[in-house]
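Heads up: the structure comes next, in structure tokens.
The values are calculated or read from the model by the stated rules, or taken from the named source; none is laboratory data. Since the structure is predicted, the reported quantities are computational estimates derived from the model, not experimental observations. Virtual Cβ from ideal backbone geometry, glycine too; neighbours counted across all protein chains shown. Keep in mind that these areas ignore ligands, DNA and RNA; they rest on the heavy atoms of the full protein, side chains included. Shrake-Rupley method; radii C 1.70, N 1.55, O 1.52, S 1.80 Å.
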2 protein chains.
Amino acid sequence: MTRFNYLEVEILDDPTTAPTLRSFIPVAPNSHFPIQNLPYGVFKPSSGGSARVGTAIGDQVLDLSVLEKKGFFSDTVLDELEHSVFDEPFLNAFMRLGRRAWKEAREQVSSLLRADNPLLRDDKETRRKAFYFQADVEMCLPVFTIDYTDFYSSKYHAFNVGMMFRGPENALQPNWLHLPVGYHGRASSLVVSGKDVRRPRGQILPSGSNDPILAPTMALDFELEMGAYVGIGNELGHPIPIEKARDHLFGMVLVNDWSARDLQRWEYVPLGPFLGKSFATSISPWVVTLDALEPFRVEGPLQDPEPLPYLRFEGKGAYDIHLEVAIQVRSMDQPHVLSRTNFKYLYWNVFQQVAHHSINGCNLQTGDLLASGTISGPTPDSLGCLLEITQNGKKPLILPNGETRRYLQDGDRVIMRGWCQGKGYRVGFGEVSCKILPAL
Amino acid sequence: MTRFNYLEVEILDDPTTAPTLRSFIPVAPNSHFPIQNLPYGVFKPSSGGSARVGTAIGDQVLDLSVLEKKGFFSDTVLDELEHSVFDEPFLNAFMRLGRRAWKEAREQVSSLLRADNPLLRDDKETRRKAFYFQADVEMCLPVFTIDYTDFYSSKYHAFNVGMMFRGPENALQPNWLHLPVGYHGRASSLVVSGKDVRRPRGQILPSGSNDPILAPTMALDFELEMGAYVGIGNELGHPIPIEKARDHLFGMVLVNDWSARDLQRWEYVPLGPFLGKSFATSISPWVVTLDALEPFRVEGPLQDPEPLPYLRFEGKGAYDIHLEVAIQVRSMDQPHVLSRTNFKYLYWNVFQQVAHHSINGCNLQTGDLLASGTISGPTPDSLGCLLEITQNGKKPLILPNGETRRYLQDGDRVIMRGWCQGKGYRVGFGEVSCKILPAL
């Protein structure tokens, strides 16, 4: 049995009691970005300038490259570097530094933002240069990813989908309870929230026909997922033991793994999803660190049968992250929440995913994205994709204004949100929000 | 129907007659690297120094970064650049320049190496600095790859494998004749020839059991493939029409797509191969350009049913590349050829792969590797993997020294070679040669 080494993780505030930390930047109670969060993202000021790394605080962004240049990280390992890690178009340079640097940077930024610390608070010139309103910046893809892996770790999702195609007896494939099933996704088509998604064309086999056609997908779906970014990789040939997995992971984002179900159905036998997925995968722009999520660790589901020793995990392997997906079609004034679920429902946790992914010696690298697979919960109002919600279009969704949807139509916007709930504050991911553009 | 635009392709020598071009560097008749080839690779001199780009000529390497520095490309588009493209650890900077630059650089290198051109031939100082014997350099992974796609484009291979598992009636899946089936591979574990391959461990379901075990693979296999490198990508959302596909492709390498058949069998349903492949994929170090391969274009197999218009290709879509795979086990003095096949047997050609890959808008990028899938021919002595050769271990292979193999054993070396045969010379790929190391 393996347990985490908790020594290195410093919980800066206790979420079960009222928050003790407060920033001099005002933060609304339902903001996703209080001082307890401090996620990392990459942004460009609308006023011009190159992409650089920042953290979100309330409705503002703090430009960490400014703090770095001005020597505010002089007491951390960042000071020993010859190169900048925050004046960079991706987080990778910072991620590559490892957990000691992540911890020291986080503690320093937290300290600098505290209401009772005059250092940054009273430095008017630096504040003028380093803070932007979020409305005044463009968020960029935060991480450069070479390999993107998509797991299939929700038992509810795997069962629901399997039941649709193979019936309840054979819903779960024989391997499913023994290993976190996953496949390689397409890294090039990772895009950040706000980048609209073009309806893909592809081969579709019309019902009752033996002859495929080329057409825009008629079964465009979202998949509510989360993704974990690898911070530190492993050498080819050398697996990561599960008890070390946490040290290799940097943080998490929301993931909308867009799917064209009709393309997927025709192409995926026997080698898995390909063009049905590779037209776009959208992520939220702020990477919430595992350190910020640490207070929200909870026990995951009981695993029966017990996994093989290399996958055994005792203790809190899940994270209590509230998730919701909403849709806003052209005729609606505001988004309508379709589903509410939770990251803690995942059967296989991220540490098991890392241990499994590398057990054959596969080398994970800084920036790799490990997506969870669609996160469905146990109830009909907690399903993570339209395939499940409408039962592959058989039971159309009825929207508040009377419109119906089997799958997504052009102009529809899908919005996913996620947050951990502390007492009186949230540690959140913001959202991933994208609109469907018509096929070319 | 679509045809290539042949205008841009200059065939520097005619392979059906005796070669007219000769280099001042001596080239043996069976060398893979005559002046008609001029492949690109990345190497480090054994005497020290960083990785840089070179071309192979006979048994030597010409350091192109030296020529670039000395202004030998002053009549080409390379001269307009502010940065070096050959003093680089990967070919990507050069590949990104596009076909005009590839063509001009190739013509210039060809001209400089000609026996009748005194410019480089008589420049003793440059020759001393720019030439190395291949034995005196270490070849590196030539291309930085973000996305690696593995197709499944040999009908013989797909049929043979399908027949083993589903019988002759259902050997080919219904989609197989309509589209080039493919899946995303693992880019991080691409390695260059000479890097030995560690036997992976993973979950295996023992015959007759319901309980998987964790063990080193007992069914380690090679797959004889070739891979095409994308030189110029496309914008997300904008497919590459098949008639433009050639302009996007830079060159080709040999690929050994190592496979752990027992891991693969247990894990691959329903999302495809994952850990059974991601422990290593080996490539040959020299990228042979499509321009060098141009004289060896031939008609591919008849496609019946006729593909959808976006995949239709008339004319010479195949390349006549002789391929062989050999094994050398510890007790053998020299390699034994197991199989001889040809790249021209592929049912789906590389241009169809590009058109299909991007039809959904998926963005290909400079450095992407498109592997062919195992290349099997029509006869029992032209099969591209042990799964087919030994019929999944049922008919062990008997080696010349009496040893047998169902699958690979530790210490076995697998060597793949490929070349186009001109009249009196070869345009070749060299080899991809790797030994199996025992599991950790």
Total charge dipole magnitude, segment A:225-374, about the Cα centre, Cβ charges on Lys, Arg, Asp, Glu only, Debye to nearest 20: 260
Cα-centre dipole for the protein assembly as shown with unit charges at Cβ (Lys and Arg positive, Asp and Glu negative), debye to 20: 780
Can you figure out the FRET efficiency of B:ALA439 with B:SER207, using R₀ = 22 Å and their beta-carbon distance, to the nearest 0.05? 0.65
In the structure shown, do any of B:LYS69/B:LYS244; B:LYS155/B:LYS344; A:LYS44/A:LYS195; A:LYS69/A:LYS103 have a Cα-Cα gap over 22 Å, and if so which? B:LYS69/B:LYS244
DSSP beta bridges in the protein assembly as shown: the antiparallel percent, rounded to 5, is 90
Roughly how big is chain B's charge dipole about its Cα centre, with Cβ charges of +1 (Lys, Arg) and -1 (Asp, Glu), in debye to the nearest 20? 840
Hydrodynamic calc, segment A:171-309: Kirkwood Rh from Cα pairs, then Stokes-Einstein at 10 °C with viscosity 1.306 mPa s, so D in µm² s⁻¹ is 89
q = 0.06, 0.09, 0.10 Å⁻¹: log10 I(q)/I(0) that the Debye formula gives for the protein assembly as shown, counting C-alpha atoms only: -0.42, -0.95, -1.16
Please report, in cubic angstrom per residue, the volume enclosed by the convex hull of the alpha-carbon atoms of segment A:292-440. 175
For the protein assembly as shown, with all protein chains present and a 1.4 Å probe, just round the carbon and sulfur fraction of the accessible area to a whole percent. 50
Which distances, shortest first and in nm, link A:ASP122 to the matching position in the other copies, using label points set 7 Å out along Cα to C-beta? 7.9
Of all GluC sites (Glu not before Pro) in segment A:50-84, the ones in DSSP coil with at most 13 other Cβ atoms within 10 Å are A:GLU82
In Å², rounded to a whole number, the accessible area per residue of segment A:40-140 with probe 1.4 Å is 45
How much accessible area per residue does segment B:148-437 have, in Å², with a 1.4 Å probe? 32
Show that you can apply the helix-only estimate: for the protein assembly as shown, add -39,500 (n - 2.57) for every DSSP H stretch of four or more residues, divide by all residues, and state [θ] at 222 nm to the nearest 500. -4500 deg cm²/dmol
Looking at segment A:224-259, residues buried by 10 Å² or more relative to their chain on its own, accessible surface at probe 1.4 Å, turn out to be A:LEU236, A:GLY237, A:HIS238, A:PRO239
Calculated label separations, B:THR16, copies of the chain, 7 Å along the beta-carbon direction, nm: 8.4
Axis carrying A onto B: which residue of A has the nearest Cβ, and how far, whole Å? A:GLY272, 1
Neighbour-limited loop hits for chymotrypsin sites (Phe, Trp or Tyr not before Pro), segment A:258-361 (at most 12 other Cβ within 10 Å; DSSP other than H, G, I, E, B): none
Per the Cauchy relation, a quarter of the hull surface: what is the mean projected area of the convex hull of the alpha carbons in chain A, in nm²? 22.0
Which net charge results for the neighbourhood of B:PRO174, defined as the other residues with beta-carbon distances under 13 angstrom from its beta-carbon, given Lys and Arg at +1 and Asp and Glu at -1? -1
Average partner chain C-beta neighbours within 10 Å, per residue of B:140-152? 3
Projected label distance in nm at A:VAL269 and B:SER47, using a 7 Å step from Cα toward the beta-carbon: 6.1
Explain nothing, just compute: Karplus ³J(HN,Hα) = 6.51 cos²θ - 1.76 cosθ + 1.60, θ = phi - 60°, for every residue of segment A:18-27 in order, whole Hz, x for Gly and Pro. 4, x, 9, 8, 9, 9, 6, 8, x, 10
May I ask for the net charge around B:TYR152, where only other residues with Cβ less than 13 Å from the Cβ of B:TYR152 are counted and Lys, Arg are +1 while Asp, Glu are -1? -3
Averaged over peptide A:183-192, how many Cβ atoms belonging to another chain are found within 10 Å of each residue's Cβ? 6
Considering only the label points, 7 Å along Cα→Cβ from Cα, what distances in nm to one decimal separate A:LYS195 from the same position in each other copy, shortest first? 2.7
Only counting protein heavy atoms at a 1.4 Å probe, give the residues of segment A:267-287, ordered by number, whose accessible area falls by 50 Å² or more when the other protein chains are present relative to the chain alone. A:VAL269, A:PRO270, A:LEU271, A:PHE274, A:LEU275
Buried accessible area between A and B (1.4 Å probe, both chains summed, ligands and nucleic acids excluded), in Å² to the nearest 100? 5600
Per residue of B:386-394, how many C-beta atoms from partner chains lie within 10 Å of its own C-beta, taken as a mean? 0
Radius of gyration, Dmax [segment A:40-140; alpha carbons; angstrom]: 12.8, 34
